[in-house]
Amino acid sequence: MLKLQDVHAYYGKSHVLHGVSFDVGPGEIVALLGRNGSGRSTTAKAIMGLVHAEGTLRWKDKDILRSKAYEVAHLGIGYVPENRDIFPKLTVHQNLMLGQKSGKKQARWSFEDMYTMFPRLKERQHTEAGVLSGGEQQMLTLCRTLMGDPDLIIIDEPTEGLAPKIVELVGEYLKRLKDRGISVLLIEQKLTIAMQISDRVLVMGHGSIVFDGTPDSLRADAATRKEWLEV
Ligand SMILES: Nc1ncnc2c1ncn2[C@@H]1O[C@H](COP(=O)(O)OP(=O)(O)OP(=O)(O)O)[C@@H](O)[C@H]1O
Ligand SMILES: [Mg+2]
């Protein structure tokens with residue numbers, strides 16, 4: 001469904017991705033792991049057209065290499081960036097409304113779906129988003145993206161700074177997305193939820209994919225973990 005082949009990316013003259021290749025299939029959860037600065041967020045930005053990229057970048061058999069972020073979003077890729085970019089002065093409900101795509105008749109998700117999945121957001125639907133806890137803001141950002149009805153969601157370090165109990169919850173929700181047929185590209189640094197919920201894990205090092213396999217095969221591969229993941 002999503003296919004990257006020999007993708008390079010640049011910030012000005014700085015060459016950051018050095019030939020990244022991988023696929024994400026329908027309904028698959030794929031984790032993209034790696035240390036700080038390995039190029040995970042840049043990979044997400046390359047897919048979304050937010051950084052200059054070269055190579056093959058296809059989504060549903062369409063070339064999206066030169067597409068703009070709003071075009072990529074319109075084609076069905078939802079992106080939850082590293083910083084939880086909610087609108088702090090708007091209420092939870094207004095934030096969700098902003099995620100809806102105009103002109104789409106039958107979206108897969110309703111406000112009620114979001115509130116059923118995250119009762120905490122229902123309780124706080126008329127609250128200004130800026131006063132929510134970090135975990136709640138993370139849920140809100142995820143829900144706002146879901147309201148745009150993506151077929152693939154790219155989510156960049158959703159568990160960063162969250163308490164372990166909330167991290168577990170985020171994992172549960174991502175699994176539920178899969179149950180609804182949505183693919184997930186989960187960018188993480190820690191192995192925790194990635195190893196529990198992913199169908200496949202990719203490890204990045206210095207702007208390339210250095211491992212592509214199942215969670216079990218990564219568990220068995222102490223050398224890769226030591227070289228590319230452990231701090
Ligand atoms: N806007 C930018 N301009 C120039 N260089 C950048 C920019 N953003 C990132 N880089 C560099 O690109 C490399 C990859 O960064 P990237 O953000 O993709 O890493 P990451 O794997 O997401 O790690 P982390 O999120 O922990 O920083 C790093 O060396 C980083 O310094
Ligand atoms: Mg990053």
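Read-outs throughout are calculated quantities, based only on the coordinates presented, and are distinct from any laboratory measurement. All figures in this text were calculated on a predicted structure; none of them were measured in a lab. Cβ atoms come from the backbone with ideal geometry, glycine included; neighbour counts cover every protein chain shown.
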Surrounding net charge for ASP212, when Lys and Arg each add one and Asp and Glu each subtract one, Cβ distance under 11 Å: 0
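Quick check: residue separation of ARG219 and GLU172 times 0.36 nm, minus the Cα distance between them. What number comes out in nm?
Numbers: separation 47, 0.36 × 47 = 16.92 nm, distance 2.09 nm.
Separation in residues times 0.36 nm, less the Cα-Cα distance, equals 14.8 nm.
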Neighbour-limited loop hits for trypsin sites (Lys or Arg not before Pro), the stretch 125-209 (at most 16 other Cβ within 10 Å; DSSP other than H, G, I, E, B): ARG180, LYS190
Proxy reagent accessibility, fewest Cβ within 10 Å first, across SER41, SER217, SER183, SER198: SER217, SER41, SER183, SER198
Options LEU152, THR127, ILE187, ranked by Cα towards positive dipole end of the stretch 106-231, top entry (Cβ charges): THR127
14 Å beta-carbon shell around GLU157, net charge (K/R +1, D/E -1): 0
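So how strong a dipole does the stretch 82-189 carry about its Cα centre when Lys and Arg Cβ are +1 and Asp and Glu Cβ are -1, to the nearest 20 debye?
Dipole of the stretch 82-189, to the nearest 20 debye: 460 debye.
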Sites GLU82 and ALA163 - FRET efficiency at Förster radius 22 Å, r taken between beta-carbons, to 0.05: 0.75
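Could you calculate the contour length gain from ASP212 to GLU123, that is, 0.36 nm times the residue separation minus the distance between their Cα atoms, to one decimal place in nm?
Numbers: separation 89, 0.36 × 89 = 32.04 nm, distance 4.09 nm.
Between ASP212 and GLU123, full extension yields an extra 28.0 nm.
Return an integer: the convex hull volume of the alpha-carbon atoms of the chain, in Å³ per residue.
Numbers: hull volume 28.1 nm³, N = 231.
Dividing the Cα hull volume of the chain by its residue count gives 122 Å³.
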Dipole of the stretch 1-84 [Lys/Arg +1, Asp/Glu -1 at C-beta], most positive-end residue of LEU32, GLN5, HIS15: HIS15
Cβ charges +1 (Lys, Arg) and -1 (Asp, Glu), total dipole of the chain, debye: 460
The chain: antiparallel DSSP beta bridges as a percent of all, rounded to 5: 55
Mean Cβ count within 10 Å, highest first, over the residues of peptides 62-68, 112-118: 112-118, 62-68
Full-extension gain in nm, ARG108 to LYS13, via 0.36 nm per residue minus C-alpha separation: 30.1 nm
About the Cα centre, charge dipole magnitude for the stretch 56-138 (Lys/Arg +1, Asp/Glu -1 at Cβ), debye: 320
Cβ-based charge dipole, the chain, positive-most Cα from ILE47, GLY171, THR214: ILE47
